[in-house]
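A short write-up of the structure that comes next.
Every number in this text was worked out from the coordinates using simple rules, so none of it is lab data. In this text the structure is predicted, and so the values were computed from the model without any measurement. Quick reminder, even Gly has a Cβ in these numbers, built from the backbone with ideal geometry, and neighbours come from all protein chains shown.
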Amino acid sequence: MAVQDATSEVLVDTLERSLRNRRIAKHVGIFLTLTLLWELGSRMGWLDPLFYPRPSNIIRSFWLIYFQNANVWFHLYSTISLVIIGWVLGSMLGIGLGALVGFNTVIRRFLKPYVIVLEATPRIAVAPLLIAALGFGVNSKLAIIMLVCFFAPFINTLSGVINVNEERLELFRSMRASKTQILRKLVLPDAIPVIMAGERLALTAALSGALVAEFIQRDKGIGSLILVYTRNLNMASAFACIFTLTIIGFLIFKGMEKLDHYIAYWKYEGGRERMSSKRKRTMVEP
Amino acid sequence: MSVSDQPIPLSGRILDIGVRFLPHFVLFAVIIGAWEISVATGLITSIIIPRPSAIWSAIVELYITEGTIYRHFFITLTEAVVGFAIGAGVAVSLAIASSLWDPFRRYVTPYAVVLNVTPGIALTPVIIAWFGYGMGSKIALAAIISFFPIFVNTLTGLVQVDEDREELFNSLGASNVQVFRKLRAPAALPLMFAGFKIGLTTALIGAVVAEFAQATDGVGVLMSRFSFQLNMAASLATLLSMTVIGLILFYSMEFLDDRIVFWRRESRRAAASRARARTWAAQAKK
Amino acid sequence: MVKHEQSMAAAGDVVVSGLNVGKTFAAGTVVALENANFDIKRGSFVSLVGPSGCGKSTLLRLVSGLIEPTSGEIEVHGTPVNGPRADISMMFQKATLLDWRTSLENVLLPTEINGTPSKADKNRALDLLKLVGLEDFAFSFPAQLSGGMQQRVALARLLQTGADILLLDEPFGALDEFTREHLNTELMRIVAEVRATAIFVTHNITEAIFLADQVVVMTSRPGRMAKIINVDLERPRPLSIQTSVEFNKLVEDVRETLGAV
Ligand SMILES: Nc1ncnc2c1ncn2[C@@H]1O[C@H](COP(=O)(O)OP(=O)(O)OP(=O)(O)O)[C@@H](O)[C@H]1O
Ligand SMILES: [Mg+2]
């Protein structure tokens, strides 16, 4: 039942293989050729530069919004801070409720139909309603972000808690472990990898949620900036913002990967070795 | 639960279902009742929380007496389905090409990864500028954001084939085309359908968000219009239609999944095996 | 181990006993075990053999207190079993280690369940890892160990509890012949060393006889104890004993009992 994200090992493998085999030059070559063709196409008048910005213009826009006008920082700060706060709050709520529901079979049974309905509804569609209810500003933005990133940690924590390995449970029972011990020493650690997968999805969803909220509110944030630039047909700057989001998305991806290596260390070769030598050091030799 | 082998009469089965769902109905009724009373008695006083009865009359108006919802409902449904079909078509074709031809996979991968880490929602204003205010832009956004999960799942399914089975095919002297048709493609189906399910959900999100941004028809438009009129009852009634679309999309895909990837579920396996026995018998008679 | 009526052991010598023990599942439709009577003497090694589904695991889980009998009664150290207890320790077919703990931490788990492990507990765990030949892997995680090594960690964990009754449900069933033989020899030595009573479930007739003082042959549908065979072979037993005439007689005896049903 748990939701997993679509970042495939196949793709990552392929990328890493390319890097190892020093094909990077070829990749860059192809990329530059495509970019150049685009630039030429635009200069020759095959692409309307009003709608399809030239690569050179996009690069200039980067310079403008980051350094010359330096107006992007304010919006970046607004978006990123809200995304992080909303993600932390929303996913804490999700994990907490997921654990609660997971441990309580009665609540679980009664909640099931509502979860099915919630799962089928595009959560982001509630955005206008929340803005109307909570007014323009930070509150409704936070509420939207929390709503969109609540679900994945909730459902993953729930399924992590429910799907405890039967054999391990029997082992704990044979050792006369108490309920709290089973929870602390078995169920929670066992559920960590799948909860982390939920957290990863939630952070991505949080960014999308923030963008939608900003599209509607049009006050500040990268989303509203993209909207304004597009309205003014300043497509080059809009694309500079979109590529900024690509970089943020990439940082999120890498950051969550790091966090996963740190928290769910036993899943990774490197993490195991690190913890193994660390524990050896902390254990005072008898 | 009964242990006898006798088929339970229909009336009994209906009663059975009734008894099983009774607690759910009771709980639902209690929640609705408590909500209605607390709004009616002024315990909750807020324009942002409508009474259940108000929501109900909004539902009756939108869905029955006026029937305004249907035009928008089918527009959004169409946008999501067409967008999904385009996204899925491109995704599956690229995935098949990538699985058959290694260099292609290497050169497509970086772009797929970039597309994945960029929040597709961020493209909304640009897509509307490119494709206009009509259904085209909604379909385009739906297609773009449903592309990646389908691409990556299909590719993973096609590439990660059990090595023993592949050896078996090689030992039989199977051609590449045969390996693809008889081994890789069927083995990829379960993951591909998982990708389709995620893709449908995201396609619906894409359609709705694009409608929020700029449109004249569709449930997203209704939703934001009602919300900004502070007509909470009507916007909740509209939200219901999105849930219905979500359920329709999800369960149609589930239906197909069940029939096409029949070998995963016991009941479907049994049905398929009976059907094949029948065709076999029919052929034997001729 | 001997059938109840034949029991000649002094009462103080019996640590596990069962009287007319029966267990059914699925509202009585599946009879997993029927009318089992047994007395197990202190310090003895008992093997349970029988075809798949004859109730071996069920019997073990009944003794451990993980499940309750539908009829009859089981006593351990003179008190009725009603739930898992401290004087019994169980090992399963799979190692069931916790992936996020090192070998040492996995061995310490039973001690942690009963309180905070002391320095002495930690040393004991290290000693046990040494006993099973894993002192160099005390700080490795399960994913860094081979199947046989994982099983040895589970064996150390079994001994860490300090229980004097050890229940082993096909503990080395998933391992290759060489590793299994090696671990069996170790197990025999260790059990003798800590003077424990052991009940050992296996599919393998040779293994059952090689290890045991008594072999209980079980038959299925419904699960029953068909025969108890005493193994009066000298200890310590070298591996070569398996080719001796007496040994093969015992093997034949077990085979006949299994085949007779
Ligand atoms: N929890 C349960 N619910 C229903 N039936 C059960 C359960 N546990 C065991 N049984 C049934 O009881 C019978 C004995 O099972 P048991 O696991 O004790 O066999 P076993 O001798 O250990 O077999 P194996 O050698 O394959 O491990 C089997 O028919 C099994 O299907
Ligand atoms: Mg068994």
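Computed values, structure above
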| read-out | value |
| --- | --- |
| Pair list, Cβ < 9 Å and 6+ apart or interchain, from the range C:46-58 residues that are without any contact (Cβ under 8 Å) to a residue 40 or more places away in the chain to residues that are in a strand (DSSP E or B) and within 9 Å of ligand 2 (Cβ to nearest atom) | none |
| The range A:45-72 residues that are touching a residue at least 12 places away in the same chain (Cβ under 8 Å), paired with ones that are part of a loop (DSSP other than H, G, I, E, B) (beta carbon under 8 Å, 6 or more apart) | A:50/A:233; A:51/A:233; A:57/A:49; A:61/A:53; A:61/A:234; A:65/A:71 |
| Selection count where residues are within 22 Å of residue C:26 (Cβ to Cβ) and within 9 Å of ligand 1 (Cβ to nearest atom), scope the range C:46-77 | 13 |
| Some residue of the range C:113-125 being within 30 Å of residue C:234 (Cβ to Cβ), surrounded by fewer than 16 Cβ atoms within 10 Å (Cβ to Cβ), of a type in the set (D, E, K, R) and within 14 Å of chain A (Cβ to nearest Cβ) | no |
| Wholly within the range B:71-160, helices (runs of 4 or more DSSP H) carrying at least 3 residues that are touching a residue at least 40 places away in the same chain (Cβ under 8 Å) and among the small types (Gly, Ala, Ser) | B:135-159 |
| Those residues of the range A:167-183 which are basic (Lys, Arg), more than 14 Å from residue C:154 (Cβ to Cβ) and crowded, with 16+ Cβ neighbours inside 10 Å, in sequence order | A:173, A:176 |
| Answer residue from the range A:82-113, given it is of a type outside the set (Lys, Arg) and exposed (fewer than 13 other Cβ atoms within 10 Å of the Cβ) and is nearest to residue B:26 (Cα to Cα) among those | A:106 |
| Single residue of C:186, C:177 found to be of a type in the set (Asp, Glu) and in contact (Cβ under 8 Å) with a residue 40 or more places away in the chain | C:186 |
| In the range C:14-31, residue farthest from the chain's Cα centre (by Cα) [restricted to those that are away from ligand 1 (no atom under 16 Å from the Cβ) and surrounded by 16 or more Cβ atoms within 10 Å (Cβ to Cβ)] | C:19 |
| Filter pass, residue C:106 being assigned to a loop (DSSP other than H, G, I, E, B), polar (S, T, N, Q), over 17 Å from the mean Cα position of the chain (by Cα) and farther than 30 Å from residue C:259 by Cβ | no |
| Residue that is over 27 Å from residue A:251 (Cβ atoms), among the aromatic types (Phe, Trp, Tyr) and in contact with a Leu (Cβ under 7 Å, 6 or more places away or on another chain), where the choices are A:103, A:110 | A:110 |
| Residue among A:210, A:132, A:197 that is within 14 Å of chain B (Cβ to nearest Cβ), under 30 Å from residue C:95 (Cα atoms) and not aromatic (Phe, Trp, Tyr) | A:197 |
| Among (1) within 16 Å of ligand 1 (Cβ to nearest atom); (2) in a helix (DSSP H, G or I) - the single one residue C:90 does not satisfy | (2) |
| Counted residues, the range B:232-243 - those being within 8 Å of chain A (Cβ to nearest Cβ), under 18 Å from the mean Cα position of the chain (by Cα) and touching a residue at least 24 places away in the same chain (Cβ under 8 Å) | 1 |
| Tally, over the range C:97-120, of residues that are touching a Ser or Thr at 6+ places or on another chain (Cβ under 7 Å) and touching a residue at least 24 places away in the same chain (Cβ under 8 Å) | 3 |
| Elements of type helices (runs of 4 or more DSSP H) in the range A:55-133, at least 2 residues being touching a Cys at 6+ places or on another chain (Cβ under 7 Å) | A:72-103 |
| Lone unmet requirement of (1) out of contact with any Phe, Trp or Tyr (no Cβ under 8 Å at 6 or more places or on another chain); (2) under 25 Å from residue B:117 (Cα atoms); (3) among the aromatic types (Phe, Trp, Tyr); (4) without any contact (Cβ under 8 Å) to a residue 60 or more places away in the chain for residue A:239 | (4) |
| Residue match in the range C:60-77 (condition: more than 14 Å from chain A (Cβ to nearest Cβ) and buried (at least 20 other Cβ atoms within 10 Å of the Cβ)) | yes |
| In the range A:73-89, the residues that are without any contact (Cβ under 8 Å) to a residue 40 or more places away in the chain and under 19 Å from residue A:240 (Cβ atoms) | A:73, A:77 |
| Residues of the range B:127-168 satisfying the condition of being β-branched (Val, Ile, Thr), within 7 Å of another protein chain (Cβ to nearest Cβ) and surrounded by 24 or more Cβ atoms within 10 Å (Cβ to Cβ) | B:152 |
| Residues satisfying the stated conditions in the range C:82-100, i.e. surrounded by 15 or more Cβ atoms within 10 Å (Cβ to Cβ), away from ligand 2 (no atom under 16 Å from the Cβ) and either under 22 Å from residue C:223 (Cα atoms) or aliphatic (A, V, I, L, M) (or both) | C:88, C:97, C:98 |
| Tally of residues being away from ligand 2 (no atom under 16 Å from the Cβ) and assigned to a strand (DSSP E or B) across the range C:47-81 | 8 |
| Per-region count, the range C:129-138, residues of a type outside the set (Gly, Ala, Ser) and touching a residue at least 12 places away in the same chain (Cβ under 8 Å) | 5 |
| Some residue of the range A:229-237 being outside any helix (DSSP H, G or I), within 11 Å of chain B (Cβ to nearest Cβ) and on the phi > 0 side of the Ramachandran plot | yes |
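Quick grid of which residues meet (1) of a type in the set (Val, Ile, Thr); (2) assigned to a helix (DSSP H, G or I); (3) touching a residue at least 24 places away in the same chain (Cβ under 8 Å):
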| site | (1), (2), (3) |
| --- | --- |
| C:95 | no, no, yes |
| C:123 | no, yes, no |
| C:127 | no, yes, no |
| C:140 | no, no, yes |
| C:148 | no, yes, yes |
| C:152 | no, yes, yes |
